[in-house]
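For reference, the structure is listed below as structure tokens.
The values are calculated or read from the model by the stated rules, or taken from the named source; none is laboratory data. This one's a predicted model, so the numbers in the text were calculated from it and none came from an experiment. Ideal geometry is used to build each Cβ from the backbone, glycine not excepted, and the neighbour counts take in all protein chains shown.
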Protein chains: 2
Amino acid sequence: MNELYLEDFIVGQRFLSETHRIDADQIKVFAQRFDPQPFHLDEVAAQASFFHGLAASGWHTASITMSLMVKGGMPIAGGLIGAGGELQWPKPVRPGDVLQVESEVLEIKPSRSKPERGMVTVKSVTRNQNGEDVQILTSRMLVWKRPS
Amino acid sequence: MNELYLEDFIVGQRFLSETHRIDADQIKVFAQRFDPQPFHLDEVAAQASFFHGLAASGWHTASITMSLMVKGGMPIAGGLIGAGGELQWPKPVRPGDVLQVESEVLEIKPSRSKPERGMVTVKSVTRNQNGEDVQILTSRMLVWKRPS
């Protein structure tokens, strides 16, 4: 895979990740550690909750999204370093869902004070196997200029 | 702990979580699964990186923040269900850091279409043992009205 420097990005450019299949065990293991709430831990309790069934923690979805971006979904030279972003979870992630991330470059800004770098704003949409959006992340990523 | 309904929230209300100490092992275990990049996995590689030393994935910080909020840091009746939010990571999280989350209610909006619920906008600042902000999260949380 070609790793990309700031000069290689153009607005509108798109990247598609590999896929990840999530199951009930993954959902519960993540939730036990980071989001121990009944609707992420137990099928029966989840059925009676807002989610009407077991659902992944949004932070789990965000973390899987990151893993898909790191493993080829967003080939930034030197790695993926985010300064922050905006997150939406329009739909729950369910056991058996197969997630894939499509990222689109929204903006490219060379740094004024640091000539060797810039920021790229990226919209990354995580979809399930039915093409439904389960997460929309707009993030600002640090990107290096090509070393001369 | 008293669990709070929509009527119990007021703008400016603050909540303080327990603390969580992060170590190098936790950082690497999370990174292996969700953010396998050298600066989250290996002290020597991290030293030569942008971070100048091992740093936690921002998604790890976000997940620890969620766990601290769930374990008493934000006592919403029926659980913490977020629709999304905005994230910033102003400073890296390092091995040995002790994290704590302070949340402040910014806005309270009863739903127009669904009389039994509303949305509460919460700013949750995660700080290290030196009082430095390592994450600033503004999230929109679903909150139920008190059952009559």
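Brief remarks on what is shown
- Boolean, A:Pro38 is surrounded by fewer than 21 Cβ atoms within 10 Å (Cβ to Cβ) and more than 10 Å from chain B (Cβ to nearest Cβ): no
- Hits in region A:1-59 (condition: modelled with pLDDT of 95 or more, more than 24 Å from B:Gly73 (Cβ to Cβ) and of a type in the set (Gly, Ala, Ser)): A:Gly12, A:Ser17, A:Ala24, A:Gly53
- Restricting region B:41-68 to residues that are under 24 Å from B:Thr19 (Cα atoms) and small (Gly, Ala, Ser) leaves a set whose member that is surrounded by the most Cβ atoms within 10 Å (Cβ to Cβ) is B:Ala56.
- Criterion violated by B:Asp8 - all others in (1) surrounded by fewer than 17 Cβ atoms within 10 Å (Cβ to Cβ); (2) within 14 Å of another protein chain (Cβ to nearest Cβ) satisfied: (2)
- Selected residue (criterion: farthest from A:Gly78 (Cα to Cα)) from residues of region A:111-148 that are in contact with a strand residue (DSSP E or B) (Cβ under 9 Å, 6 or more places away or on another chain) and surrounded by fewer than 15 Cβ atoms within 10 Å (Cβ to Cβ): A:Gln129
- Residue within region B:44-65 that is within 14 Å of chain A (Cβ to nearest Cβ), touching a residue at least 40 places away in the same chain (Cβ under 8 Å), within 26 Å of A:Phe50 (Cβ to Cβ) and in contact with a Lys or Arg (Cβ under 7 Å, 6 or more places away or on another chain) present: no
- Checked against the criteria, A:Lys71 does not count as more than 10 Å from chain B (Cβ to nearest Cβ), under 30 Å from A:Glu43 (Cβ atoms) and surrounded by fewer than 18 Cβ atoms within 10 Å (Cβ to Cβ).
- Considering the conditions (1) touching a residue at least 40 places away in the same chain (Cβ under 8 Å); (2) within 11 Å of another protein chain (Cβ to nearest Cβ), A:Gln13 is excluded by exactly one of them, (2).
- Among the residues of region B:75-102, those that are part of a loop (DSSP other than H, G, I, E, B), more than 16 Å from B:Asp133 (Cβ to Cβ) and at the interface with chain A (Cβ under 8 Å from one of its Cβ atoms) comprise B:Gly78, B:Gly79, B:Leu80.
- Unique match (being touching a strand residue (DSSP E or B) at 6+ places or on another chain (Cβ under 6 Å) and of a type in the set (Val, Ile, Thr)) among B:Val44, B:Val101: B:Val101
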